[in-house]
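Enquirer: Below you will find the structure I want to go over with you.
The values are calculated or read from the model by the stated rules, or taken from the named source; none is laboratory data. As the structure is a prediction and not an experimental result, all values here were calculated from the model. We place every Cβ from the backbone using ideal geometry, glycine too, and count neighbours over all the protein chains shown. Remember, those area values only see protein heavy atoms, side chains included, never the ligands or the DNA or RNA. Shrake-Rupley method; radii C 1.70, N 1.55, O 1.52, S 1.80 Å.
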Amino acid sequence: MQDSIFVEPPGIVGIDLVPQQTARPQTPYQVLRLLPKDATPAQQDSAIQSWFSPDEIHYSEQPDTLHLPGEGIPRDLKEVHLPQYYKESYFSNDTIFHSEIGGGRYGVAGDPIPKTLSSDNLITGLLIMCFLIITFAFSRISDFFLRQIKDFFYTQKGEHTMTETGNEIRMQLVITAITCLTCALLYYLYTTHYVDDTFIFATEHTLLGVVFLIFVVYFFLKYLLYTAVNKVLFGNGRSKKFLTSWIFMASMEGVFLFPALLLQAYFQFPVQNVAYYCFGVVFFIKLLTFYKSYIIFFSQKGLYMQNILYFCALEMVPLLSLWGGLAVIVNQARVIF
């Protein structure tokens, strides 16, 4: 049952809503006057629709001749065309006039400031942290380093006699970690200067973290390799002697490389000279490793050729593998346009 009221025109039998003299409603207001006062909005709408039906509007196609004398035929209201002086003005092409268009700078663009290690907050913080840790370590175990230097060029026969406390071992491991971080920063500097400075990583510090982890794995695997080979070939006593000297040389390598990093970061030391200095430090450390392996393992029998093979297998091959692996990783991470 629909909630509506259909009001028929006057004169229909059985409907006495309006007096007989009332004419046909001409407006919706008149229709609403015919309804009871308690009629709902739906009933009011139904009554109006029963009396009126919308018709299509037909506009006249005849021209408008009502205009001032002496004036031309007026423009059709359905034709909307802005004059040219409304469309263009003196500020039409100015980006300041159009806020939706990004404006550029006026004047001549200056040269961008080159990126350096000293302008990077994270790298600056790492350098300060490394400097403080190295200073603290030398202040706490300076006697141990002096004993290591004396024992380095004089090796007693027999078992390992030099004792190390837990604090001294921890400090050496911390400085070895700083060596890994220093090597990672130097290789990052070499990569951004000679290879490329755009990589697929979200941030440029991600590459630095990847290189740092590679150096940590490199030193850890070398320690395991030396431990396994020396114990099998030369026994536990001479193996401990060599590992003590090797950890000392690894920690000193980072101490010797750290000044070059500071000079390049804060005194604009040429990168080429930094590369030469790092090559010299690495060559010196490898030379000491060669000397130490000969003194501990091969001096008694004069086995020079065996020492060369030992040094090439456990020092040069891992070093060349490290350099090749870093080159492959950096080349894969480059963004080639």
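Enquirer: Taking the criterion of being more than 22 Å from PHE219 (Cα to Cα), open to solvent by less than 20 Å² (accessible area, probe 1.4 Å) and not hydroxyl-bearing (Ser, Thr, Tyr), would at least one residue in the stretch 327-334 satisfy it? Give the steps one after another, and end with the answer.
Expert: Taking the stretch 327-334 first, the residues more than 22 Å from PHE219 (Cα to Cα) are 331-334.
When the remaining residues are screened for being open to solvent by less than 20 Å² (accessible area, probe 1.4 Å), the result is 333.
When the remaining residues are screened for being not hydroxyl-bearing (Ser, Thr, Tyr), the result is 333.
Looking through the stretch 327-334, at least one residue is more than 22 Å from PHE219 (Cα to Cα), open to solvent by less than 20 Å² (accessible area, probe 1.4 Å) and not hydroxyl-bearing (Ser, Thr, Tyr).
Enquirer: Kindly evaluate VAL317 against the criterion of being open to solvent by 20 Å² or more (accessible area, probe 1.4 Å) and under 22 Å from LYS231 (Cβ atoms). First the steps, then the outcome.
Expert: Working: open to solvent by 20 Å² or more (accessible area, probe 1.4 Å): yes; under 22 Å from LYS231 (Cβ atoms): yes.
The answer is yes for VAL317.
Enquirer: Shifting gears a bit: How many residues does the stretch 235-289 contain that are crowded, with 17+ Cβ neighbours inside 10 Å and either at positive phi or among the aromatic types (Phe, Trp, Tyr) (or both)?
Expert: Going through the stretch 235-289 one residue at a time, the tally reaches 6.
Enquirer: Is it the case, given these coordinates, that PHE201 is closer than 24 Å to GLY325 by Cβ, surrounded by fewer than 21 Cβ atoms within 10 Å (Cβ to Cβ), under 30 Å from the mean Cα position of the chain (by Cα) and not aliphatic (A, V, I, L, M)?
Expert: On the way: closer than 24 Å to GLY325 by Cβ: yes; surrounded by fewer than 21 Cβ atoms within 10 Å (Cβ to Cβ): yes; under 30 Å from the mean Cα position of the chain (by Cα): yes; not aliphatic (A, V, I, L, M): yes.
It is true that PHE201 is closer than 24 Å to GLY325 by Cβ, surrounded by fewer than 21 Cβ atoms within 10 Å (Cβ to Cβ), under 30 Å from the mean Cα position of the chain (by Cα) and not aliphatic (A, V, I, L, M).
Enquirer: Against the conditions (1) out of contact with any Ser or Thr (no Cβ under 8 Å at 6 or more places or on another chain); (2) polar (S, T, N, Q); (3) within 19 Å of LEU262 (Cα to Cα), where does THR203 fall short? Just the number, please.
Expert: Exception for THR203: condition (3).
Enquirer: If you scan the stretch 221-232, which residues turn out to be over 35 Å from the mean Cα position of the chain (by Cα), open to solvent by 30 Å² or more (accessible area, probe 1.4 Å) and in contact (Cβ under 8 Å) with a residue 60 or more places away in the chain?
Expert: Matches in the stretch 221-232: LEU225, VAL229.
Enquirer: Restricting attention to the stretch 26-58, and to residues there that are among the β-branched types (Val, Ile, Thr) and part of a loop (DSSP other than H, G, I, E, B), which single residue is surrounded by the fewest Cβ atoms within 10 Å (Cβ to Cβ)? Walk me through how you get there before you give the answer.
Expert: First, pick out the residues of the stretch 26-58 that are among the β-branched types (Val, Ile, Thr): 27, 31, 40, 48, 57.
Then drop every residue that is not part of a loop (DSSP other than H, G, I, E, B), which leaves 27, 40, 57.
On the way: THR27: 11, THR40: 12, ILE57: 5.
Looking at residues that are among the β-branched types (Val, Ile, Thr) and part of a loop (DSSP other than H, G, I, E, B), I get ILE57.
Enquirer: Being of a type in the set (Phe, Trp, Tyr) and under 18 Å from TYR223 (Cβ atoms) is true for just one of PHE298, PHE269, PHE311, PHE283. Which residue is that? Lay out the reasoning, then the answer.
Expert: On the way: PHE298 fails: under 18 Å from TYR223 (Cβ atoms); PHE269 fails: under 18 Å from TYR223 (Cβ atoms); PHE283 fails: under 18 Å from TYR223 (Cβ atoms).
Result: PHE311 is the single residue among PHE298, PHE269, PHE311, PHE283 that is of a type in the set (Phe, Trp, Tyr) and under 18 Å from TYR223 (Cβ atoms).
Enquirer: If you check GLY209, GLY237, which single one turns out to be farther than 21 Å from MET316 by Cα and over 29 Å from the mean Cα position of the chain (by Cα)?
Expert: Details: GLY209 fails: over 29 Å from the mean Cα position of the chain (by Cα).
Going through GLY209, GLY237 in turn, the sole match is GLY237.
Enquirer: Something else about it: Given the criteria touching a Phe, Trp or Tyr at 6+ places or on another chain (Cβ under 7 Å), under 17 Å from LEU225 (Cβ atoms) and part of a helix (DSSP H, G or I), does LEU326 qualify? Step through it out loud before you land on a result.
Expert: Details: touching a Phe, Trp or Tyr at 6+ places or on another chain (Cβ under 7 Å): yes; under 17 Å from LEU225 (Cβ atoms): no; part of a helix (DSSP H, G or I): yes.
No; evaluated as a whole, the condition is false for this residue.
Enquirer: Please find, among LYS301, LYS292, the residue that is free of Cβ contacts under 8 Å to residues at least 40 places away in the same chain and either open to solvent by less than 50 Å² (accessible area, probe 1.4 Å) or not in a helix (DSSP H, G or I) (or both). Break it down stepwise before answering.
Expert: On the way: LYS292 fails: free of Cβ contacts under 8 Å to residues at least 40 places away in the same chain.
Selected residue: LYS301, the only one of LYS301, LYS292 that is free of Cβ contacts under 8 Å to residues at least 40 places away in the same chain and either open to solvent by less than 50 Å² (accessible area, probe 1.4 Å) or not in a helix (DSSP H, G or I) (or both).
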